[in-house]
Amino acid sequence: MRRRDRVRSATQRASWPADLCPRLGIDSSAHPNMLKQITALLFLGVAGPFIAIARLVPQRQSESVFTALGCLLSLIPGKTGSYIRVAYYRGTLDEMNSQVRIGFGSYFSKSTARVGRGTFIGGYCILGNVHLGEQVLIASRVSVTSGRHQHGDTRGLQYADNRMTPVGIGARTWIGEGAIVLASVGADCIVGA
């Protein structure tokens, strides 16, 4: 096979989805995100049993089971792991957009979290009751707690002002490596540790 023929056959192979769509009666220009939607549905099927377990446990154990399953899924590497984590959190969080990336080792500890479109969460992050705006960038090893007052005293008794409050991160905000966020941050901000 000559070089020119090899290049032509490689080009033909690379464009097979565009050639396949008309054969299946699908207008590919009308569905530019069709492949992403199919992929999201596929991974939703993979995460389905985990979503069902998290939703079917008794109320008093629901947060701990939710967190344990999130920790388990955080150990799946690569894009596959990110897609599975996003699918799991789409089924369990209060709000989660499908156009989100969640890095290896990262998980949510509260199911009341909300995540906006285009958000990127780096590796080894722990996120509590957070409301992330659109296009938020979170670097690795970031912790966003569920407010400032959530600890007990040395005898194991909780303080009277122990309360979990949502921490908001505004749209297009970047949280730097290793930061610990205890309070809300506005839009278009940069936070460093």
TODO: With a point put 7 Å past each Cα toward its Cβ, work out how far Lys36 is from Cys189 in nm, to one decimal.
DONE: 2.8
Open item on the list: From the phi angles alone, apply the Karplus equation (6.51, -1.76, 1.60; θ = phi - 60°) to the range 47-53 and give each ³J(HN,Hα) in whole Hz, x where the residue is Gly or Pro.
Closed with: 7, x, x, 5, 5, 4, 4
TODO: Mind checking the full-extension length gain between Glu95 and Gln59? Use 0.36 nm per residue of separation minus the Cα-Cα distance, one decimal, nm.
DONE: 11.0 nm
Task: For Val185, distant residues with modelled amide H under 5 Å away - done: Gly168, Ile169, Gly170
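If packing is taken as the average number of other Cβ atoms within 10 Å across a peptide's residues, how do 97-106, 183-192 rank, most packed first? Kindly include the intermediate steps, with their values, before the conclusion.
Details: 97-106: 18.9, 183-192: 13.2.
Result, highest mean Cβ count within 10 Å first: 97-106, 183-192.
None of the figures in this text is laboratory data; all of them are computed from the coordinates on show. Not measured: the values here are computed from a predicted model. Using ideal geometry, Cβ is built from the backbone for each residue, glycine included, and neighbour counts are taken over all protein chains shown.
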